[in-house]
1. Work out how much length H109 to T93 would gain on full extension: take 0.36 nm times their residue separation and subtract the Cα-Cα distance, in nm to one decimal.
2. To the nearest 20 debye, what charge dipole does the stretch 34-184 have about its Cα centre, counting +1 at the Cβ of each Lys and Arg and -1 at the Cβ of each Asp and Glu?
3. What's the extension gain from A130 to D50 if we count 0.36 nm per residue and subtract their Cα-Cα distance?
4. Share of the stretch 34-184's accessible area from carbon and sulfur, percent, 1.4 Å?
5. Quick check: pseudo-label points 7 Å beyond the Cα along Cα→Cβ at D138 and K36, how many nm apart are they?
6. Using +1 at the C-beta of Lys and Arg and -1 at the C-beta of Asp and Glu, which of S88, T126, V103 has the Cα lying farthest in the positive direction of the dipole of the stretch 88-184?
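The values are calculated or read from the model by the stated rules, or taken from the named source; none is laboratory data. This is a predicted model, so every value here is computed, not measured. Using ideal geometry, Cβ is built from the backbone for each residue, glycine included, and neighbour counts are taken over all protein chains shown. Accessible surface is based on the protein model in full, side chains and every heavy atom, while ligands, DNA and RNA are left aside. Shrake-Rupley method; radii C 1.70, N 1.55, O 1.52, S 1.80 Å.
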Amino acid sequence: MPLSSVPRTVFRLFLFLLALAVPTAHADVVTGTLEKVDTGAKTVTVKTADGTEDVVKYTGKTTADGAKSVAHATDLAGKEGGHVIVHSTTEGTDKVAYSIHYVGDKTVHATEGTVEEVGKEGKTVTVKAADGTEKTFDVAGHATADTGKDVGVYTADGIKKGAHVTVYSTEEAGKSIAHVFSHF
């Protein structure tokens, strides 16, 4: 039967059902201690603060940074015991890393709140927490952002005043350094 003879409502219903059947990527941030790097299976295992071990796959598209010797996920081999921030998406039943930030012995902090101000050229972001306290973050050059629709490199255009975010950061030389922004 030619497509033109299919009633418009039946065709729309088909497209709607097809859209429901297509798996969508769900963004996730895993922070914790790098327990294992399996270069054969292309996975990293991260032990979170609650003791859970998350296994995340990496691909050739996964960015990795945080130390001079870390340019690819495979460079994390030998750095077990250090802390990482892994920004991943769920593809089917697998977590697949978009980016891995190696922060070494620094502790990762999560701050949830509302964006109050984006500084000049987006190099700083001030977030107001539910208790009313404000915290200003310097944005790392490698920072990533999950806008709820896409996961990518942080840009000043991607974060707006009033947005509800979780900022994953570390403390360095008395400053809070933002590595990952998750919008919701």
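1. 3.0 nm
2. Roughly 300 debye for the stretch 34-184.
3. So the extension gain works out to 26.5 nm.
4. Answer for the stretch 34-184 is 48 percent, counting heavy atoms of protein chains only.
5. Modelled inter-label distance: 3.7 nm.
6. Farthest towards the positive pole: T126.
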